[in-house]
Amino acid sequence: MKLTLEVKTAILVILGIIFFIFGFSYLKGNNIFDSNNTYYTEFDYNSLAVSAPVTIKGNNVGKVKEIIYDFQTGKTRVAFSVDKQLQFSKNSTISLFQTGLMGGNALEIIPAEDTQMAKNGDLIKSSVKEGLVTSLSSDFSQLSTNLDGTLKTVDTLMGNLNGLVSDQSGDGLKSTLAELNATLKSYNGLANSINSLVKKNDQNVTAMVDNFNKTSVNLNQMSEKLNKVDITKTVADLEATLGSVNSMLAGVKNGEGSIGKLLNDDKLYSNLEGAALQMEQLLEDMKLNPKRYVHFSLFGKKAKRYDADGNEIKEEKKN
């Protein structure tokens, strides 16, 4: 069947109207063939745009369909659609957040852990997450305040340093640096003197080191010999010797043997003391009366006799 020009024109007009409606709806974020579920939420102000993304755990699952201002409540009512396959609790939260530094906003579904699933057309509670720019602005504001105080402190410090550098008194930095320079020069001279002394006594130092090495070798050899000694046997012999000495000392203490009798016999001590006293008296008497003990005569004269008290004993004359 042949179509007339009028029919063709009518078909084109109808198709044009259909494409116009479809395109206009698509640009508004409405899909004529949309089979997604639609939910609602409310905010105190509007910072969204139609077709703004709806996400859950960072994944895009839908978009904003419509934004309407409710004159009765004074709130912004937002309709958004998500894939039917997505099931979440009606007690979940729809969070408004900033997607980047350029100021774009989106919705995020923060699911609740329960079994009361949301149904098509339900109103979900909302919240507003602090944006990145707002957070950075707050941080930069605090940073600026802290930086201002830091700069004031640095300025004060630089002023104090400047005054210290320009101070020409004995407490000034220049004077301190001059004294430090003089001290370093003195240490440099001392180091040179030490180096010169070491060079002059290089042979002595070498000989000292050699002697120390020899001593170390000898000590090492001595240590090896001591390691070879049977310490157990030596200690046993020493213990036996000490036991014998202890036994001997115990015998002496108990008066056994000649030494024990000499040390423990009080009578012997008294006799010795008496003999010593008599010897002392005898020596004293020999000093005072030497004629009693030594007699010398050229003519054969008879020696005189004396009694115990030192009196001369005269011989009786014979008739």
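The values are calculated or read from the model by the stated rules, or taken from the named source; none is laboratory data. Keep in mind the model is a prediction, meaning the values are calculated, not measured. As a convention, Cβ positions derive from the backbone with ideal geometry for all residues, glycine included, and neighbour counts pool all protein chains shown.
Would you kindly identify the strands (runs of 3 or more DSSP E) lying entirely within segment 74-126 that contain at least 3 residues that are under 13 Å from residue 36 (Cβ atoms)?
On the way: elements: 75-82, 93-98, 105-110.
Result: 75-82.
Summed over segment 75-116, residues that are surrounded by fewer than 16 Cβ atoms within 10 Å (Cβ to Cβ) and in contact (Cβ under 8 Å) with a residue 60 or more places away in the chain total 0. Can you pull out every residue in segment 1-31 that is at pLDDT below 75 and either of a type in the set (Gly, Ala, Ser) or under 29 Å from residue 71 (Cβ atoms) (or both)? 24, 25, 26, 27, 28, 29, 30, 31, listed by residue number. Taking first residues from segment 208-229 that are in contact (Cβ under 8 Å) with a residue 40 or more places away in the chain and within 25 Å of residue 198 (Cβ to Cβ) and partners that are among the hydroxyl-bearing types (Ser, Thr, Tyr) and outside any helix (DSSP H, G or I), no Cβ contact under 9 Å between residues at least 6 apart in sequence or on separate chains turns up. Can you find a residue that is at pLDDT 90 or above, small (Gly, Ala, Ser) and in a strand (DSSP E or B) anywhere in segment 51-72? So far as segment 51-72 goes, yes, one or more of its residues are at pLDDT 90 or above, small (Gly, Ala, Ser) and in a strand (DSSP E or B). For segment 272-291, the count of residues that are basic (Lys, Arg) and modelled with pLDDT of 65 or more is at least one.
When segment 169-184 is limited to residues that are surrounded by 10 or more Cβ atoms within 10 Å (Cβ to Cβ) and modelled with pLDDT under 80, the one that is nearest to residue 95 (Cα to Cα) turns out to be 173. Once segment 187-224 is narrowed to residues that are among the hydrophobic types (A, V, I, L, M, F, W, C) and at pLDDT below 80, the residue that is surrounded by the most Cβ atoms within 10 Å (Cβ to Cβ) is 205. Taken over segment 232-271, the residue count meeting the criterion of being modelled with pLDDT of 75 or more and of a type in the set (Gly, Ala, Ser) is 8.
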